[in-house]
Amino acid sequence: MSKSLISRRPTFRRGVSAGDQKTTPASGAPLARLGWKPFFQQQLSLEELEAFEPVRVTAVHRSQIEVAGERGDEPVLVSGPLFDDAVEKPTVGDWLLLERESRKPARRLERSSLFRRMAPGAKQAQLIAANIDNVLIVSSCNHDFNLSRVERYLALVKEAGCRACLVLTKADLSDDHEQYREALKGHRDLPLVLVNALDRASVESLRDYCRSGETLALLGSSGVGKSTLLNSLAGSELAATSGIREDDSKGRHTTRHRALYAIPDGGLLLDSPGMRELGLADVSEGLAATFADIGELAEQCRFADCAHESEPGCAVQAAIESGELDERRLQNWRKLEREIQRNTRTLAESRAQERAFSQFVRTVQGHSRARKSGDE
Ligand SMILES: Nc1nc2c(ncn2[C@@H]2O[C@H](COP(=O)(O)OP(=O)(O)OP(=O)(O)O)[C@@H](O)[C@H]2O)c(=O)[nH]1
Ligand SMILES: [Mg+2]
Ligand SMILES: [Zn+2]
């Protein structure tokens, strides 16, 4: 599979790859390398396999999406009911069935995992990606590093059932690696890797997360080096990168669109724009898994409904006093729990309103059809 089979290029025609070189059908990526698994295969009937072709969404734009399949890359127009629903509509990483001749998308396959966030300031959830296997939560050895934010990402990743690793870039610019290891001591199940993302040898240990057939997402703030990591793992400059602001170490939002890239001899890598805010909704299980230590302590509290404030016999407060549990961690758990409850409620209300509205539209359409047939 050539790297150009999956790329950010928005509009190249079917059978023609980057640089307008012809790609033969033989150079089309076998589906397994694009992440096709039995989980997807078993969703197709034999008739569907004859009539349709599975393709993977590699990028989503306003009026078209890009997909990759056995025939290579191709653009597909965004139209039809498949694209109407905010949650159901295809996102990067989704598998679609295309009609073999018309190349129209007929159906989206059920997802093995889905990442979404509350869009900043909106009442809607925004899809981030689907069918991701592993995630690198990327931060850097500078002002960007923030443990509470890492826990926020972790709740999302655990809810989706993905394997996670925390990558701290810019290790070459920091003399004190120990402070980061120390800060992560409480997260024993979260592997931590410090790298110089510009150095290919330094990122070698991350290859285990993007083996052939696996899809790895890079998530983190702008400027932490997600695209730089992608380029080093790919061994070529697939994505643009640019320097961060000197004064506050913040990035310049260089990557504008989420897209899947193929790594030579490896899997697929999702590069995404740096996220300013990652609002959480519907990730209660992921949160519980992220703060499993607090959950275990809470079971030892004297009162079953202990709020872990000033109740006698509170095992959580005792752990804070003994230094076993960081108070910040308890505060963050509370904050995220409140946020998830609030956002989950908001989402449920908007869904109910949408449903009521579509019911209303259907009723009105029904009336007008009945009137028309009465006129005839
Ligand atoms: N010294 C050093 N510089 C790095 C490292 N990783 C990234 N950089 C630099 O940091 C800057 C930002 O890197 P990008 O890869 O563009 O960051 P990004 O996370 O993709 O940012 P957005 O696309 O804005 O979300 C670039 O100038 C990189 O060269 C590293 O490990 N060490
Ligand atoms: Mg980038
Ligand atoms: Zn308690």
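The values are calculated or read from the model by the stated rules, or taken from the named source; none is laboratory data. Predicted model only: the values in this text are computed from it and were never measured. Here the Cβ positions follow ideal geometry from the backbone for every residue, glycine too, while neighbour counts run over all protein chains shown.
Based on this model, can you work out whether GLU214 counts as touching a residue at least 40 places away in the same chain (Cβ under 8 Å), assigned by TED's automatic domain parsing to the domain that holds VAL138 and farther than 26 Å from ARG329 by Cβ? It would help to see each step written out before you state the result.
Details: touching a residue at least 40 places away in the same chain (Cβ under 8 Å): yes; assigned by TED's automatic domain parsing to the domain that holds VAL138: yes; farther than 26 Å from ARG329 by Cβ: yes.
It is true that GLU214 is touching a residue at least 40 places away in the same chain (Cβ under 8 Å), assigned by TED's automatic domain parsing to the domain that holds VAL138 and farther than 26 Å from ARG329 by Cβ.
So, of the residues in segment 159-190 that are of a type in the set (D, E, K, R) and surrounded by 22 or more Cβ atoms within 10 Å (Cβ to Cβ), which turns out to be farthest from LEU278 (Cα to Cα)? Spell out the reasoning first.
Restricting attention to segment 159-190, the residues satisfying the condition of being of a type in the set (D, E, K, R) are 159, 163, 170, 172, 175-176, 178, 181-182, 185, 188-189.
Applying the additional criterion that residues be surrounded by 22 or more Cβ atoms within 10 Å (Cβ to Cβ) yields 159, 170.
Values: GLU159: 14, LYS170: 23 Å.
Selected residue: LYS170.
For residues in segment 330-363 being buried (at least 18 other Cβ atoms within 10 Å of the Cβ) and modelled with pLDDT of 95 or more, which is nearest to LEU156 (Cα to Cα)?
That would be LEU336.
Would you tally the residues in segment 160-178 being assigned to a helix (DSSP H, G or I) and touching a strand residue (DSSP E or B) at 6+ places or on another chain (Cβ under 9 Å)? Lay out the reasoning, then the answer.
Our first condition is that a residue be assigned to a helix (DSSP H, G or I); within segment 160-178, this holds for 171-173, 178.
Narrowing the set further to residues that are touching a strand residue (DSSP E or B) at 6+ places or on another chain (Cβ under 9 Å) leaves 171, 173.
Residues that pass the stated criteria total 2.
Output yes when any residue across segment 192-203 is within 16 Å of ligand 2 (Cβ to nearest atom), charged (D, E, K, R) and within 18 Å of SER139 (Cβ to Cβ), and no when none is. Before you say what the answer is, go through the steps one by one.
Kept after step one, since they are within 16 Å of ligand 2 (Cβ to nearest atom), are these residues of segment 192-203: 195, 197-198, 203.
Restricting the remaining residues to those that are charged (D, E, K, R) gives none.
No: segment 192-203 contains no residue that is within 16 Å of ligand 2 (Cβ to nearest atom), charged (D, E, K, R) and within 18 Å of SER139 (Cβ to Cβ).
I'd like to check something: does segment 244-251 contain any residue that is buried (at least 19 other Cβ atoms within 10 Å of the Cβ) and in contact (Cβ under 8 Å) with a residue 24 or more places away in the chain? Even if it seems obvious, please write down each step before you answer.
Kept after step one, since they are buried (at least 19 other Cβ atoms within 10 Å of the Cβ), are these residues of segment 244-251: 244, 251.
Checking the rest, the ones that are also in contact (Cβ under 8 Å) with a residue 24 or more places away in the chain come to 251.
Yes; the residues of segment 244-251 include at least one that is buried (at least 19 other Cβ atoms within 10 Å of the Cβ) and in contact (Cβ under 8 Å) with a residue 24 or more places away in the chain.
All but one of (1) out of contact with any helix residue (DSSP H, G or I) (no Cβ under 7 Å at 6 or more places or on another chain); (2) at pLDDT 95 or above hold for ASN146; which doesn't?
(2)
Evaluate the following for VAL224: is it assigned by TED's automatic domain parsing to the domain that holds GLY161 and either within 12 Å of ligand 1 (Cβ to nearest atom) or crowded, with 19+ Cβ neighbours inside 10 Å (or both)? Talk me through it step by step, then tell me what you get.
Working: assigned by TED's automatic domain parsing to the domain that holds GLY161: yes; either within 12 Å of ligand 1 (Cβ to nearest atom) or crowded, with 19+ Cβ neighbours inside 10 Å (or both): yes.
Spelling it out, VAL224 is indeed assigned by TED's automatic domain parsing to the domain that holds GLY161 and either within 12 Å of ligand 1 (Cβ to nearest atom) or crowded, with 19+ Cβ neighbours inside 10 Å (or both).
Output the residue which, of all residues in segment 322-334 that are among the basic types (Lys, Arg) and touching a residue at least 24 places away in the same chain (Cβ under 8 Å), is nearest to ARG117 (Cα to Cα).
Here is the first cut: in segment 322-334, the residues among the basic types (Lys, Arg) are 328-329, 334.
Now drop any that are not touching a residue at least 24 places away in the same chain (Cβ under 8 Å), which leaves 328-329.
On the way: ARG328: 23, ARG329: 21 Å.
That would be ARG329.
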